[in-house]
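Report on the structure given below.
The values are calculated or read from the model by the stated rules, or taken from the named source; none is laboratory data. Because the structure is predicted, anything quoted here is derived from the model rather than measured. With ideal geometry, Cβ positions are generated from the backbone for all residues, glycine too; neighbour counts draw on all protein chains shown.
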Amino acid sequence: MDPGFEAALRQFVIDRSGALFRTAYLLTGDRHAAEDLVQSALTKTAARHRGLRDHAAIEGYVRRTMYHEQVSRWRRRARIVEVSTDQWLDRPRDGHAEAADLRVMIRAALSRLTPRQRAILVLRYFEDKSETEIAHLLGVRVGSVRSQIHRSLERLKKSAPELGNVRELR
């Protein structure tokens with residue numbers, strides 16, 4: 001591996017692994033699957049070292065790899081298993097009860113969606129990607145992204161009324 005790329009990748013992992021893990025967790029809904037997704041994306045990035053020198057280029061490649069890898073995982077599964085739970089996943093700490101409660105409600109609500117619906121909402125509202133960018137990342141048409149956003153928000157409203165008006169999440 002090119003020493004310059006290796007140093008840049010090492011620093012990137014130090015600086016951005018937390019953010020990558022949060023995105024992977026939102027995409028997968030599972031801590032271990034999120035860790036595997038980040039590791040897989042970083043491994044594929046390390047194998048493609050030409051042309052990636054700065055943080056922006058590396059981050060773009062890693063994130064795109066994560067999205068594609070997760071879509072591939074969904075497609076490989078024979079069926080979708082949805083798990084709905086009313087359990088609290090976190091406990092509020094250090095006076096941040098409202099923020100922790102909201103995070104827990106959002107995680108629980110996202111876990112009730114299909115993997116594709118979860119990915120669309122994570123990309124749109126947590127990663128702030130445009131419909132065009134999402135379509136490119138997931139390899140679908142922009143119209144499909146729009147309809148999936150609409151369906152996902154409707155399903156989120158029905159399955160998680162505790163979130164109130166879903167549009168507030170934007």
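Yes or no, residue by residue, for (1) loosely packed, with under 12 Cβ neighbours inside 10 Å; (2) modelled with pLDDT of 80 or more; (3) among the hydrophobic types (A, V, I, L, M, F, W, C):
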{"residue": "ASP86", "(1), (2), (3)": "yes, no, no"}
{"residue": "ALA100", "(1), (2), (3)": "no, no, yes"}
{"residue": "GLN117", "(1), (2), (3)": "no, yes, no"}
{"residue": "LEU121", "(1), (2), (3)": "no, yes, yes"}
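To keep it simple, each residue is scored yes or no on (1) out of contact with any Ser or Thr (no Cβ under 8 Å at 6 or more places or on another chain); (2) within 22 Å of ILE120 (Cα to Cα).
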| site | (1), (2) |
| --- | --- |
| GLN11 | yes, no |
| PHE21 | yes, yes |
| TYR25 | yes, yes |
| GLU35 | yes, yes |
| VAL38 | no, yes |
| ALA41 | no, yes |
| LYS44 | no, no |
| ARG50 | yes, no |
| HIS68 | yes, yes |
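Out of curiosity, is ARG10 assigned to a helix (DSSP H, G or I) and exposed (fewer than 12 other Cβ atoms within 10 Å of the Cβ)? The answer is yes for ARG10. Of all the listed residues (ARG91, ARG75), the sole one being closer than 30 Å to LYS157 by Cβ and either at pLDDT 70 or above or not basic (Lys, Arg) (or both) is ARG75.
Residues in region 29-54 that are part of a helix (DSSP H, G or I), touching a Phe, Trp or Tyr at 6+ places or on another chain (Cβ under 8 Å) and within 19 Å of LEU137 (Cα to Cα): ALA34, VAL38, THR45.
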